[in-house]
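Only one structure is covered here, and it is reproduced in the block below.
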Amino acid sequence: MKRVDLFTDGACKGNPGPGGWGVLLRMGPHEKEMSGNDPDTTNNRMEMTAVIRGLKALIEPCEVTIHSDSRYVIDGITKWVHGWKKKGWINASKKPVKNADLWHELIEAAHPHKITWVWVRGHNGHPENERVDRLASDAANAAI
C-alpha cells in the first residue's frame with residue numbers, strides 16, 4: 001500500500017462568505033497542489049472540502065497521513081461522527097448536525113484508505129501548512 005502525506009487547509013473571507021481550499025499531496029518525491037473555491041461558504045466547509053478533494057484525488061487505497069489545522073475536521077471524523085450516526089445525525093444540542101452532507105462525503109472518501117490524522121498548529125511556520133494556507137487564501141480571494 002502506497003504512503004501519502006496530505007496537507008489541507010480552508011479559508012473564508014467572512015464567515016460565511018467567499019471561501020477557498022488548498023491541498024498538497026506528497027508521495028515520496030512527487031507532489032501535487034490543488035485548490036478551489038466557493039462564492040458563499042464557511043471556513044469549516046472549506047476545511048472539510050480540502051480533505052475530501054485530497055482523498056478523492058487518490059486513485060487507489062493508500063496509507064494516508066492527513067495534516068490539518070482544523071480541530072473541527074479531526075475531532076469530527078475521529079470522535080463526534082460515531083455519536084451522530086447513532087443518534088440519526090442529531091448533535092448534542094438535539095439539532096441536525098451542521099455540514100452533514102460533507103460529513104457523509106468525507107466518510108465515503110476516507111473509507112478505502114488507512115488514515116492517520118495529525119493536527120498541525122496553524123499560522124505557526126509549518127512549511128506545508130503555510131503552503132496550503134496560501135493556496136486556500138488565494139482561492140478564496142479569487143471567489144470575491
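Being over 11 Å from the mean Cα position of the chain (by Cα), buried (at least 24 other Cβ atoms within 10 Å of the Cβ) and small (Gly, Ala, Ser) is the requirement here; does Gly10 meet it? Spelling it out, it is not the case that Gly10 is over 11 Å from the mean Cα position of the chain (by Cα), buried (at least 24 other Cβ atoms within 10 Å of the Cβ) and small (Gly, Ala, Ser). Within segment 36-59, being in contact (Cβ under 8 Å) with a residue 40 or more places away in the chain, among the small types (Gly, Ala, Ser) and touching a Lys or Arg at 6+ places or on another chain (Cβ under 9 Å) holds for one residue alone: Gly36.
Using the structure shown, decide if Val64 is of a type in the set (Val, Ile, Thr), in contact (Cβ under 8 Å) with a residue 24 or more places away in the chain and under 16 Å from Asp5 (Cβ atoms).
Working: of a type in the set (Val, Ile, Thr): yes; in contact (Cβ under 8 Å) with a residue 24 or more places away in the chain: yes; under 16 Å from Asp5 (Cβ atoms): yes.
Criteria met by Val64.
Within segment 100-122, if we keep just the residues that are out of contact with any helix residue (DSSP H, G or I) (no Cβ under 7 Å at 6 or more places or on another chain) and not hydrophobic (A, V, I, L, M, F, W, C), the residue that is nearest to Val81 (Cα to Cα) turns out to be His104. Exactly one residue out of Asn124, Asn141, Asn129 is out of contact with any strand residue (DSSP E or B) (no Cβ under 8 Å at 6 or more places or on another chain) and polar (S, T, N, Q), and it is Asn124.
Just wondering, is there one or more residues in segment 96-108 that are in contact (Cβ under 8 Å) with a residue 24 or more places away in the chain and under 19 Å from Lys32 (Cβ atoms)? No, because not a single residue in segment 96-108 is in contact (Cβ under 8 Å) with a residue 24 or more places away in the chain and under 19 Å from Lys32 (Cβ atoms).
Just checking, how many residues over segment 127-144 are within 17 Å of the chain's Cα centre (by Cα), farther than 12 Å from Thr8 by Cβ and not small (Gly, Ala, Ser)?
First pass over segment 127-144, keeping only residues within 17 Å of the chain's Cα centre (by Cα): 128-140.
After this cut, where a residue has to be farther than 12 Å from Thr8 by Cβ as well, the list is 130, 134, 137-140.
Right, trim to not small (Gly, Ala, Ser) and you get 130, 134, 138.
The qualifying residues number 3.
No lab work stands behind these numbers, since they all come straight from the coordinates. Values in this document were obtained by computation on a predicted structure and should not be read as measured data. Glycine gets a Cβ as well: all are built from the backbone with ideal geometry, and neighbour counts include every protein chain shown.
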